[in-house]
Amino acid sequence: MVLSPENLRVNNQEKFSELAQKQLLENSNSDKLFQGSFLRHTLTRSKIVSQIISYIWLYAESDPLARQAKHWFQNPTKNFDQLENPTVADKLPSLAKLMGAKPQDQTIYGEFLSKVFSDVKDDSKGLYNFPLFNKQDIESGIVVFKTDATIASGSIQDPNPNSPNVLTVMIAFPPCPQFSAATVTKEELSNWLNNRDSSNYTPPNSYVPCCCS
């Protein structure tokens, strides 16, 4: 059988895809494989934000910190901190402060992250690296954070004439659905929250937001 150039191209793409998938599966437990990879970091960051929202959905009624975090996401341009003589960084929106925080920080944002990811003890190891976004980028204003309650998948939007030299991170923050077998169960949400599989970045249930690229 003679293959056309188009068929050869498709066959080569399939081979490359199969090879990449095989390499990922063979090295799925190796954090070193993609350390320093921008794409790997982007995928992991999307997963982390999705897991943060899962924690809020699960515990907003029982955990005051989760309830506060819900307000940060619902009001992405508001600063909820009441500080005397605040610095420029202190005046940032609370959601921006969360995106620039580490679980080890002695702040309300660090405390919240340490509750969500209580098993992440050392920010220098593994895939769960914090902060999610560079603090200098946040403080200099070249990245801003917004949320949208009408979407299930977030995005990072390019600069435009209305926001020159600024990347806008749009985070999906839909209302929590009523827990049920027809939507999402608490068990499914808890399993996703605690998922540390280094080859899995996507929530198993479409009701759980996939938050930002």
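The values are calculated or read from the model by the stated rules, or taken from the named source; none is laboratory data. Computed from a prediction, not measured in an experiment: that's the story for all the values here. So basically every Cβ, Gly included, is an ideal-geometry build from the backbone, and we count neighbours across all protein chains shown.
At a glance:
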item: Residue match in segment 181-188 (condition: modelled with pLDDT of 95 or more, within 22 Å of residue 128 (Cβ to Cβ) and crowded, with 16+ Cβ neighbours inside 10 Å); result: yes
item: Members of segment 131-168 found to be closer than 23 Å to residue 120 by Cβ and assigned to a helix (DSSP H, G or I), listed by number; result: 135, 136, 137, 138
item: Matching residues in segment 83-111 - criterion: being at pLDDT below 95 and hydroxyl-bearing (Ser, Thr, Tyr); result: 87
item: Residue list for segment 112-133, filter: surrounded by fewer than 16 Cβ atoms within 10 Å (Cβ to Cβ) and at pLDDT 95 or above; result: 115
item: Check on residue 112, in contact with a Leu (Cβ under 8 Å, 6 or more places away or on another chain), closer than 22 Å to residue 96 by Cβ and in a loop (DSSP other than H, G, I, E, B); result: no
item: Complete set of residues in segment 64-88 that are surrounded by fewer than 16 Cβ atoms within 10 Å (Cβ to Cβ), within 22 Å of the chain's Cα centre (by Cα) and in contact (Cβ under 8 Å) with a residue 40 or more places away in the chain; result: 74, 77
item: Enumeration of residues in segment 41-63 that are among the charged types (D, E, K, R) and either surrounded by 22 or more Cβ atoms within 10 Å (Cβ to Cβ) or within 12 Å of the chain's Cα centre (by Cα) (or both); result: 45, 47
